[in-house]
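The values are calculated or read from the model by the stated rules, or taken from the named source; none is laboratory data. Everything numeric here is computed off the predicted structure, so don't read it as measured data. All Cβ positions, glycine included, derive from the backbone under ideal geometry; neighbour counts span all protein chains shown. In case anyone asks, the SASA skips ligands and DNA or RNA and just uses the protein heavy atoms, side chains included. Shrake-Rupley method; radii C 1.70, N 1.55, O 1.52, S 1.80 Å.
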Amino acid sequence: MVFEALPYTLKLILFIPRVLLKLHQNHTKALKRTLNNTHSSHFRSQTLISHVQTFDHLAQKTLIFDVEETLLRSPSVFPYFMLVAFESGSLIRAFVLLALYPLLVLVDDELSIKIMVMVSFFGVKKDGFRVGRSVLPKFFLEDVGMEGFDMLARGKKKVGLSKLPQVMVECFLIDYLEIDYVFGRELKVFGGYFVGLMKENKNIIKHSINKLLEEDCDPVCFSNKPVKHDWVSCSKEVYVVSNVEKKAWKILPRERCSKRVIFHDGRLAFRPEPLNMLAMFMWFPFSILLSTFRIAIALTMSYGSSIPILSFTGVHLKLTNNNSTLYPPSHDHKHHRGCLYVCNHRTLLDPLYLSFGLKKPFIAVTYSLSRMSEIFSPIKTMRLTRDREQDAKTMSKMLKLGDLVVCPEGTTCREPYLLRFSPLFAELSDRIVPVALDTYVSMFHGTTAGGLKCLDPFVFMMNPCSVYRVWFLDQVHGASLEISDASSTRFDVANYVQSEIGKTLEFKCTSLTRKDKYLALAGNEGFVSYGNKQ
């Protein structure tokens, strides 16, 4: 009786979910019946991947697998399209995609993919699209199941098929997992820009697979729902991965990948699931006000007052002193030179946090810095030219004026790796204090290779919570440092300082440089326009 008394509109609203639920139940039952019939009539063998480990014959087989359904742990591809929309598009584009999420849940999988492609790619320049190489691999690798990867590693030749656009998955699969062939969806392009539509290439994929299988006429297929895929017909041996099994998979360890993720770009420091993005958009307006307030405090107040206020707002600084000579006189009157602090490079705020830690100002030398960052910096900055002789003269002159901070890596690195240290600093001072720095952010990265560098400090301060850890290590004596009872060159000193910082942070030392980073992320050598350098 109560239901009859409801207005017609309200009855309709309550009726629609019941209809959708009924349709979903009927679709599920029909799919189960189809799967059972298909398996009994076409496939010679069906088993779970956990049983595949007993099949040694896979070592001589070509393995054809569905990327999303047999390699990735998460059943949703929404986060990857959100990364494209946010990083390659704009904040507005990402908000539109999030607003459409309820619709994406209701429609079928194919239509959902088409909607996300349209929102994420429409109007994006093809030549400028680097998210598939600079942003997505890190998030994909964090979703790869170790059990699925172990299964694929057994094959002689590996062929991956994806329902995602080719530009999103190709780099991740070929460069990091050594998949031999990747077939994804091709995007339509007009005038050098993506139009947000995908080409129908099912026949092309099937023809390409058949061509690859000329030497192996009996491949092995792996899928989650083989009845949906035409390419499974090329094999009589199909293994099905259940969703229940995928939930129990472990994350693939970093060291198992053929290539480590050392460089990656993008502002988001979290996996952009729908609820996470909703929280981010709710936080975003307040974060702008909070970042402005934090920067104003750092610029206008003394060290003693600003540090506790910033800590109260969520910006934390943790100091560890391993250096018994940490507080030498700020000026060596005998040689008329200051102390040289050598740091690894995490963000543009490294010298500022070092200044907060010791509660005294420094002169920071940088290889490149935006004009806005120079204007708002609370400590003095000096730009280097990358001309060795000229930079040596500049740094020597600055050391006569006081203590100096330098980051010899030349660029930032987010992952637990240290880039090659430029040896220039080793021959400029006998009083070198290595400083190990590490950062933690909860929402936004305060570094970028392809975005606006002038916004880096502001974005870092937008995090709800951030932590800077600073370790002061034992002082070394420049090129006169002795290692293995032999006099050291400036290269030995630079390598020694790098290794000591690496041991403290438990980071791996590399010989990679700024050039390597920018070639990987931005397609250039890092020498970009003045206002956008790092």
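Points worth noting:
- Each principal axis of the Cα atoms in segment 102-155 has its own extent, and those three values, largest first, are 39, 33, 19 angstrom.
- Per-bin percent of Cα-Cα distances, segment 422-467 [5 Å]: 5, 18, 18, 13, 12, 14, 14, 6, 0
- Grouping the Cα pair distances of segment 353-425 into 10 Å bins from zero gives a pair-distance distribution of 17, 48, 33, 2 percent in increasing distance order.
- Pairwise Cα inverse-distance average, inverted: Kirkwood Rh of segment 350-474 (Å): 15.7
- The orientation-averaged projected area of the convex hull spanned by the Cα atoms of segment 249-312 comes to 7.8 nm².
- Phi angles of segment 147-159 translate, via the Karplus equation with coefficients 6.51, -1.76, 1.60 and θ = phi - 60°, into HN-Hα couplings of 5, x, 5, 4, 5, 5, 5, 6, x, 6, 9, 10, 10 Hz per residue; Gly and Pro are given as x.
- The calculated FRET efficiency for the pair K318 and A59, based on their C-beta separation and a Förster distance of 56 Å, comes to about 0.65.
- Looking at segment 331-436, the trypsin sites (Lys or Arg not before Pro) that sit in a DSSP loop and have at most 15 other Cβ atoms within 10 Å of their own Cβ are K334, K359, R386.
- Exceeding the 22 Å Cα-Cα cut-off - candidates K138/K517; K126/K199; K360/K515; K202/K236; K206/K236: K360/K515
- Stretching the chain fully between N524 and F376 yields a gain of 50.5 nm (0.36 nm per residue, less the alpha carbon separation).
- From the largest down, segment 62-218 spans 48, 33, 31 angstrom on the principal axes of its Cα atoms.
- Note on K503 and L197: their simple-model spin labels are 6.3 nm apart, each label 7 Å out from Cα toward Cβ.
- A simple spin-label model places pseudo-atoms 7 Å from Cα toward Cβ; at E110 and T489 they are separated by 6.5 nm.
- Each part reduced to its alpha carbon centroid, segment 85-113 and segment 351-380 end up 40 Å apart.
- Hydrodynamic radius of segment 108-193 per Kirkwood, over alpha carbon pairs, in Å: 14.2
- Net length available on complete extension from F270 to E389 is 38.6 nm, with 0.36 nm assigned per residue and the Cα-Cα distance removed.
- Ordering V169, F139, V159 by Cα displacement along the dipole of segment 134-176 toward the positive end leaves V159 in first place; charges were set at the Cβ atoms of Lys, Arg (+1) and Asp, Glu (-1).
- Per-residue extension of 0.36 nm, minus the Cα-Cα distance of E186 and A279, leaves a gain of 30.2 nm for this segment.
- Solvent-accessible area per residue, Å², over segment 342-447 with all protein chains present [probe radius 1.4 Å]: 34
- With every protein chain in place, segment 253-322: carbon and sulfur % of accessible area (1.4 Å): 67
- Distance between the 7 Å Cα→Cβ label points at H207 and S242: 4.0 nm.
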